[in-house]
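The values are calculated or read from the model by the stated rules, or taken from the named source; none is laboratory data. Please read these numbers as outputs of a predicted model, since none were measured by experiment. Cβ coordinates were reconstructed from backbone atoms using ideal geometry, including for glycine residues, and neighbour counts include every protein chain displayed.
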Amino acid sequence: MSSTDDRKGLFLVIEGGDGSGKDTQLRLLSSYLREMGYDVLETSEPTDGPIGRKIRQKGLSEKERYSPLEMQLMFSVDRNHHLKSEVYPALKDGKIVISGRYTVSTLAYSYALGLDVELLESANSGYMKPDLTIYIDVDPDTAIKRIENRGGAREIYETYDMQRKVREGYRIFLSRFNHIVIDGSMEPGSVYKKIVEAVYPYLQNLNGA
Ligand SMILES: Nc1ncnc2c1ncn2[C@@H]1O[C@H](COP(=O)(O)OP(=O)(O)O)[C@@H](O)[C@H]1O
Ligand SMILES: [Mg+2]
């Protein structure tokens, strides 16, 4: 697969709208795999790198907002940094990399902000594809209820209308990736069980096992 022919690890991505349960499932899946003895890198986008921090600080708040195209470019630069500094080295070491959000997020969210689909596809076509993208699907009502319960500051995407468009974006762009759709309205333990079932076959090919 693309620029890491020498990769031995497994690259998993957890995707979904805001409040879908990505962070919850990332933690559960990582601890499960660690208990099984695998070396796991838990990571996410936007990253904690210089551009990732800028995206979090400014791009996701109403104040000092970037244009959708600027956001798209910042996500691309951040992804490049993410791959080179963390993902490639970990895969080369045979680790399981689990990233909360990756390319499909950029596509779905930029789509929701009104960017052109063809432009989005060409800007995002060069990145290494994950072995499996796990999409946690929740309807916008459920997502907004969870975000409200969670409390804290709201990001610009966290409205009903944006979540509806983001979900539409995911439906369009997921088909470009090897993915599974998990019903995220179930309780966390059931979502987790489905994810483990989906990941299990990929472990058989890991480390020559
Ligand atoms: N399956 C679930 N059912 C109900 N609530 C959930 C579920 N998964 C996560 N939550 C809750 O919803 C909120 C958002 O979850 P989180 O894992 O942070 O989602 P994300 O990272 O996708 O935004 C948290 O308060 C979390 O405890
Ligand atoms: Mg989260």
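A few points about this structure:
- Inside the range 21-44, residues that are acidic (Asp, Glu), within 13 Å of ligand 1 (Cβ to nearest atom) and assigned to a helix (DSSP H, G or I) make up a count of 1.
- Every condition in (1) in contact with a Gly (Cβ under 8 Å, 6 or more places away or on another chain); (2) modelled with pLDDT under 90 is met by residue 159 except one, and the failing one is (1).
- Answer residue from the range 183-204, given it is within 10 Å of ligand 1 (Cβ to nearest atom) and under 30 Å from residue 123 (Cα atoms) and is surrounded by the most Cβ atoms within 10 Å (Cβ to Cβ) among those: 184
- Sole residue being touching a helix residue (DSSP H, G or I) at 6+ places or on another chain (Cβ under 6 Å) and surrounded by fewer than 19 Cβ atoms within 10 Å (Cβ to Cβ), chosen from 119, 113: 113
- Residue pairs meeting the criteria (Cβ under 9 Å; at least 6 apart or on separate chains; first over 16 Å from residue 116 (Cβ atoms) and small (Gly, Ala, Ser), in the range 62-85; second modelled with pLDDT of 85 or more and surrounded by 14 or more Cβ atoms within 10 Å (Cβ to Cβ)): 85/47; 85/49
- The criterion of being assigned to a loop (DSSP other than H, G, I, E, B) and without any contact (Cβ under 8 Å) to a residue 40 or more places away in the chain does not hold for residue 175.
- Restricting attention to the range 108-154, the residues that are of a type in the set (A, V, I, L, M, F, W, C) and either free of Cβ contacts under 8 Å to residues at least 60 places away in the same chain or closer than 19 Å to residue 11 by Cα (or both) add up to 11.
- Close pairs (9 angstrom Cβ cut-off, 6 or more residues apart or separate chains): farther than 22 Å from residue 185 by Cα in the range 22-39, among the polar types (S, T, N, Q) and more than 10 Å from ligand 1 (Cβ to nearest atom) anywhere: 38/207
- All of 181, 199 fail the test of being of a type in the set (A, V, I, L, M, F, W, C), in a helix (DSSP H, G or I) and either on the phi > 0 side of the Ramachandran plot or under 17 Å from the mean Cα position of the chain (by Cα) (or both), apart from 199.
- Taken as a whole, the condition of being closer than 16 Å to residue 105 by Cβ and either basic (Lys, Arg) or buried (at least 18 other Cβ atoms within 10 Å of the Cβ) (or both) does not apply to residue 27.
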